[in-house]
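Okay, structure first, notes after.
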Amino acid sequence: MTIDSVACPAVAVLADDLSGAAEAASTFLGRRPQPTLHLDPRTARHDGVTVVDLNTRTLTKVDAQNAVRAALEVIPPDALVVAKVDSLLRGHVGGWADVLAERGPVVVAAALPALGRTVHAGVLHVDGVPLHQTRAWHAERSSPPASIADVFGRPTASTTVTADLADRLREAATGGRIAVCDVATDADLDLILAASRSIPGAQLMGTSALAAAVARTLPTGPRDTGSRRPSQILLTVVGTAEPAAAQQVTELMRNGTRHLAVDADHLLDGTADPADLARALGDGSVVLTVRGAVRPDRSDAVSAALARFVAAGQAECRPDLMLTGGATARAVVDAVGLTTLHPVDQVHHGAVVSIASDGRTVVTRPGSFGDPFSLSAVARYLAETPSVRTQPKALT
């Protein structure tokens, strides 16, 4: 199957945080046209595959909806809109859907099969366990929903991938309901995408796996990695509360990276000295972490303060960056003055390599992703000379 260039001349992917935007953009690597990732929706041209980080995860619901509404206003009416949401349903998923529904039918496929996140009977499961029975939201200010339908403020229709899927999606659209699809595999996402194409104006909502289903319908082409230089100094900023992050940092240190921990309270009261970071970078690559417990209600303020600390401490050295956690990633790229990212490769799922507007290499990765060797793998990759890689041939 290939997307018809007349029926769908453009693909617009809207994401709610930077690591998710980069993750979605990476699914289009090795496809034509190449993806572009914008940090400001006003700069997006929407004449190919355009990914925009709306950075709404930490906004109020009303502000998040206004950001989505403004972004949709500049997207051509015949473009395929993909709303990339968190694979654990964090953020304003329901608020986004309400705005999308003002524009047309909404089809939700919220699974990420590659990471064991599937949907059964309308419930998101993580490695076979219902989301609300896991600790995946331990750092959030609220509790996870018992079902995907619970995040929406309008009627939904749950559906499975069966022979009459297209009919069921059309029925939901006609009735003004959001279609929530069960998903077990990437093949299910391919079928959901194909069925949704029979609904005029259908908009998709899901994870990067749904974006990948769209990408599989596009022609193949080479990845552009030639503009990346091997990293001499890498600053890794770990801005996530995920328990796995500590082990990832330990493994990175075993490979020679210096560790600098800055106290959360000192960041917030302005007493953390960026000169400490500057001195550490003068001796080579550094992994920066936050020391001390961070309450969920202070996490946004800590991310902003950490970004200011990074911007001041790296000003002379201008190292390449590895940023974990969407809020931290966006805060840092804004603080150091980056305006665009050009994705060129992916080290592992979600660890996306981009060339920034100032020429440096930036790797972004969601905080919950990666095995214990994730950060070490990124560091090794960035030290190597780039090579050209291609993706598998498109489905026909």
(message) Defining a contact as two alpha carbons under 8 Å apart and six or more residues distant in sequence, what relative contact order in percent does region 326-385 show?
(response) 26 percent
(request) Any chance you could give the angle, 0 to 90 degrees and rounded to 10, that helix 299-313 forms with the longest Cα principal axis of the chain? (result) 50 degrees
(request) Leaving ligands, DNA and RNA out of it, work out the accessible area of ASP371 with a 1.4 Å probe and give it in Å² to the nearest 10. (result) 90 Å²
(message) If each DSSP helix of 4+ residues adds -39,500 (n - 2.57) and the sum is divided by the residues in the chain, what number results at 222 nm, nearest 500 deg cm²/dmol?
(response) -9000 deg cm²/dmol
(request) Specify which residue in the list ALA184, SER198, GLY153 is farthest towards the positive end of the charge dipole of region 150-199, using unit charges on the beta carbon of Lys, Arg (+1) and Asp, Glu (-1), about the Cα centre. (result) GLY153
(request) Work out the FRET efficiency for THR174 and ALA261 from their Cβ-Cβ distance, taking R0 = 41 Å, and round it to the nearest 0.05. (result) 0.15
(message) Quick check for me: using +1 on Lys/Arg Cβ and -1 on Asp/Glu Cβ, what's the dipole size of region 9-82 about its Cα centre, in debye to the nearest 20?
(response) 100 debye
(request) Amide H neighbours of THR340 under 5 Å, at least 5 residues apart or on other chains, H built in the peptide plane: list them. (result) SER357
(request) Grab the beta carbon distance between SER198 and SER142, set R0 = 41 Å, and tell me the FRET efficiency rounded to 0.05. (result) 0.65
(request) Using a 1.4 angstrom probe on heavy atoms only, work out the carbon and sulfur share of the accessible area of the chain in %. (result) 52 percent
(request) Distance between Cα centroids, region 116-184 to region 218-293: provide it in whole Å. (result) 35 Å
(request) Round to the nearest 10 and report in Å² the accessible area of SER368, as given by a 1.4 Å probe over the protein chains' heavy atoms. (result) 40 Å²
(message) Using the alpha carbons of region 1-115, what is the convex hull volume per residue in cubic angstrom, as a whole number?
(response) 112 Å³
(message) Can you compute the modelled spin-label distance between ASP63 and ARG298, with each label point 7 Å from Cα toward Cβ, in nm?
(response) 2.0 nm
(request) Can you check how the C-alpha radius of gyration of the chain compares to 2.2 N^0.38 Å, as a plain ratio? (result) 0.96
(request) Using label points projected 7 Å from each Cα along Cα→Cβ, tell me how many nm separate GLN133 and THR220, to one decimal. (result) 4.1 nm
(message) For THR162, THR324, THR385, THR118, give me the order by solvent-accessible area with a 1.4 Å probe, most accessible first, ignoring ligands, DNA and RNA.
(response) THR385, THR162, THR118, THR324
(message) Leaving out ligands and nucleic acids, and using a 1.4 Å probe, what accessible area per residue does the chain come to in Å²?
(response) 40 Å²
(message) Starting from the 7 Å offset along Cα-to-Cβ, what nm value, one decimal, do you get for the label separation of THR250 and ILE233?
(response) 2.9 nm
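The values are calculated or read from the model by the stated rules, or taken from the named source; none is laboratory data. Computed from a prediction, not measured in an experiment: that's the story for all the values here. Backbone-built Cβ (ideal geometry, glycine too); neighbour counts: all protein chains shown. Heavy atoms of the whole protein, side chains included, go into the accessibility calculation; ligands, DNA and RNA do not. Shrake-Rupley method; radii C 1.70, N 1.55, O 1.52, S 1.80 Å.
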